[in-house]
Amino acid sequence: MKVYDQQFNQNEWFVVIVLIVTFFTISKLPRRFSKATTYTLVLMGIFIGMFADHTISIPPFDFYDVNDNSTYEVFDFFTYVMYGPFGYLFLYFYDYLQIKGLKIMLYIILWTSLSIFMEYIASSLGVFHYKKGYSLLFSIPIYLWIQSLVIVYYHLLKRKTSSL
């Protein structure tokens, strides 16, 4: 086990502040979705974040560690919860702006840029510790792919809920 830190400091504070700011933002936005859809979108963001992170951050890949050490800690869970509001906001503004056609690609590129910026800050503060030559740039195709799939899923969910 590799230990990076043993104190409650900037990496934990980053997660706490991001969670407070993003959930507060969601609570202040006008309601666009039913409560069930809202919970589904937030939980989907958490699940996708955990799935993607665990896919590339555990053996055989093991490209990075999260937070204070290389084993799973309770605070790692809160780090994954952090993905939930971002997933919701991604789809909230997608729906609000009624993005269509080629603008979808631009929207995904914009959100990928925001994601890379947030990951850069997080890694600078010790939330992520890259290993085995992994670089922030390697996250770009992952964000592009995941955000594209999320939009496809959103359209399937929207079609299903509108037919009920």
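The values are calculated or read from the model by the stated rules, or taken from the named source; none is laboratory data. On a predicted model such as this, the values are computed, not experimentally measured, just so you know. Glycine also receives a Cβ, built like all others from the backbone with ideal geometry; neighbour counts cover every protein chain displayed. Areas reflect the complete protein model, heavy atoms only, side chains present, ligands, DNA and RNA absent. Shrake-Rupley method; radii C 1.70, N 1.55, O 1.52, S 1.80 Å.
Of note:
- Positions within segment 154-164 being open to solvent by 90 Å² or more (accessible area, probe 1.4 Å) and part of a helix (DSSP H, G or I), in sequence order: LEU156, LYS158, ARG159, LYS160, SER162
- Exclusive hit being under 23 Å from SER135 (Cα atoms) and open to solvent by 20 Å² or more (accessible area, probe 1.4 Å), set GLN10, GLN98, GLN6: GLN10
- Residues that are aromatic (Phe, Trp, Tyr), surrounded by 14 or more Cβ atoms within 10 Å (Cβ to Cβ) and touching a residue at least 60 places away in the same chain (Cβ under 8 Å), drawn from segment 112-152: PHE128, TYR130, TYR134
- Close pairs (6 angstrom Cβ cut-off, 6 or more residues apart or separate chains): free of Cβ contacts under 8 Å to residues at least 24 places away in the same chain in segment 88-110, among the aromatic types (Phe, Trp, Tyr) anywhere: ILE99/TYR107
- Of the numbered criteria (1) within 13 Å of the chain's Cα centre (by Cα); (2) of a type outside the set (Ser, Thr, Tyr); (3) buried (at least 16 other Cβ atoms within 10 Å of the Cβ); (4) more than 17 Å from PHE138 (Cα to Cα), the one PHE75 fails is (1).
- Breaking point among (1) farther than 20 Å from ILE140 by Cβ; (2) surrounded by fewer than 16 Cβ atoms within 10 Å (Cβ to Cβ); (3) at pLDDT 90 or above; (4) out of contact with any Asp or Glu (no Cβ under 7 Å at 6 or more places or on another chain), for VAL15: (2)
- As a summary of the residue check, HIS54 satisfies the conditions (1) modelled with pLDDT of 90 or more; (2) open to solvent by less than 70 Å² (accessible area, probe 1.4 Å) except for the one numbered (1).
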